[in-house]
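Here is the structure we will look at.
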Amino acid sequence: MFILYLIIQTKAVAERLPEITLDKVTKKEIEIIVDYLSTIEDWGYFELAAYTNCLGFFDADYRNFQYNDVIRQFRKFKGLPKYQHTLIKFLANSIILEFDEANYERVLELLPILYDETTDSDYLKGRIYWKFFMRLYQSAIGNFEFDGSIAIETLRLLGYEEEAENLVAIETSVLHKIN
């Protein structure tokens, strides 16, 4: 819902998207977001952040169609921390959605990209997510029983309680589907 707030608060976009509310997101509202994003040829930070935060609203076919172009748009800003953090969030959100849809081949494609994008210690939280997702993937394909407690506890110790709770919810959801 943050992105809907962000979209509403941005004057130029708010004029184009007056029907968006902060309540339940409708198909029409999703179409408005898709239409807006499709009118912008070169996405900047706002569009990349909007797409990243709204990723769950789009179906798998649309996400897969957009994937290479979105990565290309992010790579234009390689080296800029704000974009790098958003790219890591985009990859994490994508992986979560692929787990949710039990598309483990796609998870396996995305994990090395997340790893490569988190080599700098400035992106340590992204690397913690990578390790968590890698072990969750291995559990999903049957290689071993999953225990995400180390990643979860690490985030808690670093003061990222909300992130830790997100990992607990992801773990519960994915393990429930595979068991």
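Please treat every number below as a calculation from the coordinates, not as lab data. Source: prediction; values computed, not measured. Please note: Cβ atoms are built from the backbone with ideal geometry, for glycine as well, and neighbour counts cover all protein chains shown.
Couple of notes before you dig in:
- Computed about its Cα centre, the charge dipole of the chain is approximately 340 debye, with only Lys, Arg, Asp and Glu carrying charge at their Cβ.
- Of the chymotrypsin sites (Phe, Trp or Tyr not before Pro) in the stretch 69-169, those whose Cβ has at most 11 other Cβ within 10 Å and which sit in DSSP loop: Phe144
- Against the chain, whose longest principal axis is taken from its Cα atoms, helix 124-140 shows a tilt of about 60°.
- Modelled label positions at Val168 and Thr119, each set 7 Å beyond Cα in the direction of Cβ, lie 3.6 nm from each other.
- Once the convex hull of all Cα atoms in the chain is built, its volume per residue stands at 127 Å³.
- Size descriptor, Kirkwood hydrodynamic radius, that averages inverse alpha-carbon separations across the stretch 30-126, Å: 13.8 Å
- Looking at the stretch 89-174, the GluC sites (Glu not before Pro) that sit in a DSSP loop and have at most 14 other Cβ atoms within 10 Å of their own Cβ are Glu101, Glu145.
- Subtracting the Cα-Cα distance of Arg156 and Glu109 from their residue separation scaled by 0.36 nm leaves 14.1 nm.
- Working from label points 7 Å from Cα in the Cα-to-Cβ sense, the Lys27 to Ala60 distance is 2.0 nm.
- Among the trypsin sites (Lys or Arg not before Pro) in the stretch 53-95, those placed in a DSSP loop whose Cβ has at most 12 other Cβ atoms within 10 Å are Lys76, Lys78.
- Simple label model, 7 Å out from Cα along Cβ direction - Leu175 to Asp35, nm: 4.4 nm
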